[in-house]
Amino acid sequence: MKQGKTNAMRILDKEKIAYTMLTYATDDGKIDGIAVAQKIGREESVVYKTLISQGTSKSYYVFVIPVEAELDLKKAAKAVGEKKIEMIPVKEITKVSGYIRGGCSPVGMKKLFPTVIDQRAQSLETIIVSGGNIGVQIEMAAEGLLQATKGSLADVSAI
């Protein structure tokens with residue numbers, strides 16, 4: 001399957017951040033993180049999902065956590081200095097991020113939202129996140145993702 005560059009990849013190229021594009025078939029409709037890890041032949045522990053939440057202050061936050069994990073809302077709120085945060089409704093993902101559900105990359109959203117990457121990423125050689133389109137993932141060093149998103153590391157997930 002031929003895949004052109006996504007907005008996320010163009011940003012990484014511009015910032016000279018190394019990455020590898022990985023593609024997978026989507027015709028079976030299975031686009032959840034666990035299925036994606038299996039399709040690209042990688043351990044679930046290195047494949048991360050991108051979640052968008054909103055704090056009590058109405059600010060948006062992006063969390064990048066392992067696909068097999070759940071976002072710990074209390075830890076996440078503490079990491080961004082909010083009293084409470086909630087996941088945004090699925091129908092708002094495109095409006096807020098510019099990406100569609102299942103193809104939401106932490107790189108290249110409409111705005112640069114505060115981004116927190118689960119601290120487990122720092123022990124990995126590379127992590128894999130959505131490339132900005134369903135069927136496309138990008139693999140890169142966690143430092144590269146931190147640089148591209150101006151993100152931080154924190155313990156925000158529960159496995």
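Please list, ordered by chain and number, the residues whose modelled amide H lies under 5 Å from the amide H of residue 116; skip anything fewer than 5 residues away on the same chain.
Here 62, 63, 64, 152 satisfy the definition.
Report the Cα-based extents of segment 1-72 along its three principal axes, largest first, to the nearest Å.
42, 30, 21
Averaged per residue, what accessible area in Å² does the chain show with a 1.4 Å probe, protein chains only?
52
In segment 1-107, which trypsin sites (Lys or Arg not before Pro) fall in coil by DSSP and have 15 or fewer other Cβ atoms within 10 Å?
Qualifying residues, ordered by number: 2, 5, 16, 30, 58, 83, 84, 101.
Across segment 96-103, in residue order, what do the Karplus-derived ³J(HN,Hα) couplings come to in whole Hz, using 6.51 cos²θ - 1.76 cosθ + 1.60 with θ = phi - 60° and x for Gly and Pro?
Once θ is set to phi - 60°, the couplings for segment 96-103 become 7, 9, x, 10, 9, 4, x, x Hz.
Could you compute how much accessible surface residue 32 exposes when probed at 1.4 Å, giving the result in Å² to the nearest 10?
Ignoring ligands and nucleic acids, residue 32 comes out at about 80 Å².
Once you keep just the Cα pairs under 8 angstrom separated by 6 or more residues, what percentage relative contact order results for segment 26-159? Don't skip to the answer; put the middle values down first.
Working: 267 pairs, mean separation 36.0, N = 134.
Dividing the mean separation by the residue count of segment 26-159 yields 27 percent.
What does the chain give for Rg and for Dmax, in Å, if only its C-alpha atoms count?
Cα radius of gyration and Dmax of the chain are 14.4, 45 Å respectively.
Ignoring ligands and nucleic acids, what accessible area does residue 56 show with a 1.4 Å probe (Å², nearest 10)?
Taking all protein chains as shown, residue 56 has close to 80 Å².
Please calculate the 1.4 Å probe accessible area of residue 136, with all protein chains present, and give it to the nearest 10 Å².
0
Taking θ as phi - 60°, what are the ³J(HN,Hα) couplings along segment 148-156 by the Karplus curve (6.51, -1.76, 1.60), each to the nearest whole Hz, with x for Gly and Pro?
Here the 3J(HN,Hα) series is 5, 9, 6, x, 9, 9, 7, 7, 10 Hz.
Given a cut-off of 23 Å, name the pairs among 78/110; 58/111; 14/110; 16/91; 16/150 whose C-alpha atoms lie farther apart than that in the structure shown. It would help to have the intermediate numbers written out before the result.
Details: 78/110 25 Å; 58/111 15 Å; 14/110 17 Å; 16/91 33 Å; 16/150 15 Å.
Flagged as over cut-off: 78/110; 16/91.
The values are calculated or read from the model by the stated rules, or taken from the named source; none is laboratory data. Keep in mind that what you see is a predicted model, and the values were worked out from it rather than measured. All Cβ positions, glycine included, derive from the backbone under ideal geometry; neighbour counts span all protein chains shown. All accessible areas refer to the heavy atoms of the entire protein, side chains included, with ligands and DNA or RNA removed. Shrake-Rupley method; radii C 1.70, N 1.55, O 1.52, S 1.80 Å.
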